[in-house]
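Take a look at the structure set out below.
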Amino acid sequence: MTTQTSMLRQITDFANRANPYPVYEELRKTPVLHEEDDGPYLISSYHDIEALLHDPRISSDESNVTVGGRDDLSGPEATGLPPSFIRLDPPEHDRLRRIANSSFGPPHRPLRIENMRGQLEEIITGLIDGLGDAREIDLVDQVAYPFPVTAICRLLGVPREDEPRFRTWVDPIVAGLDPDTRTAADSQRTAQEARLQLGMYLNGLVEQRAREPRDDMLSDLVHSSGPDGSMTTMEVLSTAVLLLIAGHETTVNLITNGMLTLLRHPEILERLRNDPGLSVRIVEELLRYEPPVQLVPQRTCIADIEVRGVTIPKGSRIWLVLGAGNRDPERFQDPDRFDPDRQDIQHLGFGSGIHSCFGAPLARIEAQLALSQLARRLDNPRLVEDPPPYRPNAVLRGPRHLNIAIDGVK
């Protein structure tokens, strides 16, 4: 039986990574949980989480923490760059996000992501073709991991010949996000070196785009102009790294969690095989049922806030446990059932409010294309190991490997 006093440890305990949902069920019995004087307040109810994501008294700026200090899960991005806009509050957050969005989506570039669909189909088709006549594959290493890196390279405008170099930098940076204490020092040194090399490379691209703009997002960021002004070079670099790292890891886990869930629900996998259009509803239900981002730890009160009769003091840290809110029976009927036919899937998988996931349109299309093609082309896929081995990270939750036996590739 999980006790209230051990709840925070249970959430971060790697032993619960494969199935954190019983812990979340216990957590919801105390919707506002505060175990230690200087510890975070854990919020687990859907409606409370949604309200706080829209509450201007909740800050994303770590400098506002005055009670207990920073925790391991909400550490700095450590890129050597200024904070990206997800670590800032209005008005500076709003200014940078509006500029970034002008090159990413409506109203200025409403079709940028949709117009990438052909390129994305080409990338995922090539990755699945590359499986050849294998009888066992690792979905993470061979499909789910390289797909979003390549996609973001194309979005930013990284030359295709440089994409392999890009991936060699991304690997240690993403690995450095895992709080693995056994190799923390080596991992952080390697990640820091990769960040430095990536930053230098991107800076070279930024200088090139300043002289010779092209039809890509990096050029748009460099030449942004409008009522919000333009980004500095450092802000362009920070935004590019944000899109690369945050968008990449989230999409890897969305695709991998998705295929794992489908293999556990073969009747739905068969439906998807015969109806690729079902991928839209499947991905939305996955974002509720197995969200790639399980909790948002980097939030702070900038005023006293009352939640369900509990006063959270100014300067206190708050953890918004999205994975618990997404399975809240007060919000969703039969929440532990995976049901893409669910009529109401207003999930928290991409957050909500001013910090809702910036890359959500791209992640959705990538996951839809990947899962529909995998369902159609993998012949008789079976899980080799269930549960698969998971990454240590409690925030960005997903399998490190997903080994699948197949009879071939169609």
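Would you say residue 358 is of a type outside the set (Asp, Glu), assigned to a loop (DSSP other than H, G, I, E, B) and farther than 16 Å from residue 257 by Cβ? Judged against the criteria, residue 358 is a match.
Going by the structure shown, is residue 405 small (Gly, Ala, Ser), open to solvent by 10 Å² or more (accessible area, probe 1.4 Å) and either farther than 26 Å from residue 30 by Cβ or out of contact with any helix residue (DSSP H, G or I) (no Cβ under 7 Å at 6 or more places or on another chain) (or both)?
Details: small (Gly, Ala, Ser): yes; open to solvent by 10 Å² or more (accessible area, probe 1.4 Å): yes; either farther than 26 Å from residue 30 by Cβ or out of contact with any helix residue (DSSP H, G or I) (no Cβ under 7 Å at 6 or more places or on another chain) (or both): yes.
Yes; evaluated as a whole, the condition is true for this residue.
Among the residues making up region 155-171, a single one is charged (D, E, K, R) and open to solvent by less than 20 Å² (accessible area, probe 1.4 Å): 163. Residue count for region 121-153 satisfying the condition of being under 15 Å from residue 365 (Cα atoms), buried (at least 18 other Cβ atoms within 10 Å of the Cβ) and free of Cβ contacts under 8 Å to residues at least 40 places away in the same chain: 2. Looking at 224, 187, 219, just one residue is modelled with pLDDT under 80 and surrounded by 15 or more Cβ atoms within 10 Å (Cβ to Cβ), and that residue is 187. Answer yes if at least one residue in region 384-391 is buried (at least 23 other Cβ atoms within 10 Å of the Cβ) and in contact (Cβ under 8 Å) with a residue 60 or more places away in the chain, and no otherwise. Scanning region 384-391, I find at least one residue that is buried (at least 23 other Cβ atoms within 10 Å of the Cβ) and in contact (Cβ under 8 Å) with a residue 60 or more places away in the chain, so the answer is yes. In region 307-315 there is no residue that is within 16 Å of residue 370 (Cβ to Cβ) and touching a residue at least 24 places away in the same chain (Cβ under 8 Å). Just one of the listed residues (287, 254, 244, 295) is open to solvent by less than 10 Å² (accessible area, probe 1.4 Å) and farther than 30 Å from residue 339 by Cα, namely 244. For region 364-380, the criterion of a residue being at pLDDT below 95 and out of contact with any helix residue (DSSP H, G or I) (no Cβ under 8 Å at 6 or more places or on another chain) is satisfied by no position.
Against the condition polar (S, T, N, Q), touching a Pro at 6+ places or on another chain (Cβ under 9 Å) and closer than 27 Å to residue 325 by Cα, how does residue 393 come out, does it pass?
Values: polar (S, T, N, Q): yes; touching a Pro at 6+ places or on another chain (Cβ under 9 Å): yes; closer than 27 Å to residue 325 by Cα: yes.
When the stated conditions are applied, residue 393 passes them.
Scan region 87-105 and tell me whether some residue there is under 30 Å from residue 188 (Cα atoms) and of a type in the set (Val, Ile, Thr). Before you say what the answer is, go through the steps one by one.
Here is the first cut: in region 87-105, the ones under 30 Å from residue 188 (Cα atoms) are 87-89, 92-93, 96-97, 100.
Checking the rest, the ones that are also of a type in the set (Val, Ile, Thr) come to none.
Within region 87-105 (the criterion being under 30 Å from residue 188 (Cα atoms) and of a type in the set (Val, Ile, Thr)), the answer is no, since none of the residues qualifies.
Only a single criterion out of (1) among the hydrophobic types (A, V, I, L, M, F, W, C); (2) at pLDDT below 95; (3) open to solvent by 10 Å² or more (accessible area, probe 1.4 Å) is not satisfied by residue 310, namely (2). Being of a type in the set (Lys, Arg), under 27 Å from residue 18 (Cβ atoms), buried (at least 18 other Cβ atoms within 10 Å of the Cβ) and modelled with pLDDT of 95 or more is a description that does not apply to residue 337. Any residue at all in region 274-281 that is closer than 30 Å to residue 37 by Cβ, surrounded by fewer than 22 Cβ atoms within 10 Å (Cβ to Cβ) and either aliphatic (A, V, I, L, M) or within 19 Å of the chain's Cα centre (by Cα) (or both)? Checked against the condition, which is being closer than 30 Å to residue 37 by Cβ, surrounded by fewer than 22 Cβ atoms within 10 Å (Cβ to Cβ) and either aliphatic (A, V, I, L, M) or within 19 Å of the chain's Cα centre (by Cα) (or both), region 274-281 yields no hits at all.
The values are calculated or read from the model by the stated rules, or taken from the named source; none is laboratory data. Note that the coordinates shown come from a computational prediction; the quantities given were computed from them, not determined experimentally. Note that each Cβ is placed from the backbone with ideal geometry, even for glycine, and that neighbours are counted across all protein chains shown. The area values use the complete protein model at the heavy-atom level, side chains included, leaving out ligands, DNA and RNA. Shrake-Rupley method; radii C 1.70, N 1.55, O 1.52, S 1.80 Å.
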